[in-house]
1. Take every Cα-Cα pair in segment 193-263 and report what % of them are more than 13 Å apart.
2. What is the order of Arg247, Arg69, fewest Cβ neighbours within 10 Å to most?
3. Residues with beta-carbon under 10 Å from that of Arg229, excluding Arg229: net charge, scoring Lys, Arg +1 and Asp, Glu -1?
4. If the chain between Arg242 and Arg325 were fully stretched, how many nm would it gain, using 0.36 nm times the residue separation less the Cα-Cα distance?
5. For the chain, what proportion of DSSP beta bridges, expressed in % and rounded to the nearest 5, is antiparallel?
6. Between Gly122, Gly239, Gly208, find the one with the highest GNM mean-square fluctuation for the chain; connect C-alpha pairs within less than 10 Å.
7. Report, largest value first, the span of the C-alpha coordinates of segment 171-290 along each principal axis, in whole Å.
8. Using only Cα atoms, find the angle between the long axis of helix 312-324 and the longest principal axis of the chain, and express it within 0 to 90 degrees, rounded to the nearest 10.
Amino acid sequence: MRLSDFDFHLPQELIAQAPAPHRSASRLLHLDGVTGAVEDLWFRDLPRLVRPGDLLVFNDTRVIKARLRGRKKSGGQVEVLVERVLGTHEALAQVRASKSPREGDALLLRGGITVTVMGREGPFFRLRFDEEPDVFTLLERHGEVPLPPYIKHAPGVEDERRYQTVYARTPGAVAAPTAGLHFDEETLSRLGEAGAETAFVTLHVGAGTFQPVREEDLSRHVMHSEWYRIPEETVAAVGRARARGGRVLAVGTTTLRALEAAAADGNLRPVTDETNLFILPGYRFRVVERLLTNFHLPKSTLLMLVSAFGGIEHIRRAYAHAIERRYRFFSYGDAMLIERQQS
C-alpha cells in the first residue's frame, strides 16, 4: 500500500482546539463495516449500542506532564519532551534546541532541574535527572501537559483535567488515549446498567504517535515501540465475553493494538512487553470486533488502522460524511464507533 492512499483534505477549522463542554457531549458517527452504512448520533447514545454480555476494554494509562522548558549552559533555549521514564532518575526524551546537545552536556530546566545528557538512543536522548525526588514527581511539579502539535493554545488548568481519562491510573503516557476522553462516570454507569462488562489494559502512548510517516511505500515504515501490559483478569474477561456470545469493544486504537499484539499467535495471553505492531488493510483481527475511536490525521498510521478495521472504502466515505456534517477532528474532537468489516 502507498502513503498517498490515506490522504484526504481536512478543513483547518474542523481541527478541535478545545474539548466539548462536557465529556459525553461529543457527537458519535456509527459505521457498519459490513455494509458501509453510517448513522449520526451523540456520544451519550453509546450505552444503547451495547448488548448484555458485551465487553468494553479501556486503556488505563495516565498522561504525564512530559514537556519541560529551559536552557543549555551556553544560554540557548531548549525544550524537552519525555518519551519514556526509565527509572527513578532517568528518561528517554526528545530535545529541541538550536544545536543538539552532546553527551555530558547539562540542561537547566524550569523549577531548578538540572538534567545531564547521557547519550543518544535512536531519535531520543537518554537523560539523567540530577535532583530528588523521582522523575515522575519532578514532571508533575514542573512539567506541562504535552498537548498535540495541532492544538495551538498553551496548556492550562482545564487541559490538565480534560486531556486525561476519568479512569487513568498508570502514569507513563505522553499523549492521551483520546477515545477514552469522552467517558464520564454517568456514561460508565449506564454501560454497566446495559449489561456490559469492562476490563483494562495499559499501553503508554509515545510521542511517536504524532510523527509523520515518511515512506511512500508503507512496507518500509517501522512503527515506534510502546510499552504495554495485558493483565490476567482482562484475558479472563475476554474469555467470558466469548463464551456468552458477547462482543469485544476496544476503546481506542491503543487498546486494540495492545490486545491484538498480545494475541499475535492466535491466543490472547497475559503479557508485559513492547509492541510496534503496524496494522494495515489486510490484517486479520483476532480479538476485537468493535472499535471506538476519534477521527485521525491524513496519512497517519491510525487512519491506516481504522481503514483495516472498517474497510478502506467505507472509512473514506465515512470521513467524507464527517467532513460534510462538520464533525470535529483529532484529540479533542468527536468519536466514531466502527463495526469490524467481515474478513
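1. Numbers: 1768 of 2485 pairs.
It works out to 71 percent of all Cα pairs.
2. Details: Arg247 18, Arg69 15.
Placing the least packed residue first, the sequence is Arg69, Arg247.
3. Values: positive: none; negative: Asp60, Asp273.
That works out to -2.
4. Values: separation 83, 0.36 × 83 = 29.88 nm, distance 3.61 nm.
My answer for the length gained is 26.3 nm.
5. Details: 48 of 68 bridges.
Here the antiparallel bridges make up roughly 70 percent for the chain.
6. Gly122
7. Taking max minus min along each principal axis of the Cα atoms, segment 171-290 gives 46, 31, 25 Å.
8. Value to nearest ten degrees: 80.
Throughout, read-outs are computed from the coordinates displayed, never taken from laboratory work. Remember, predicted model here, so these are calculated numbers, not experimental data. Neighbour counts run over all protein chains shown; Cβ positions are idealised from the backbone, glycine included.
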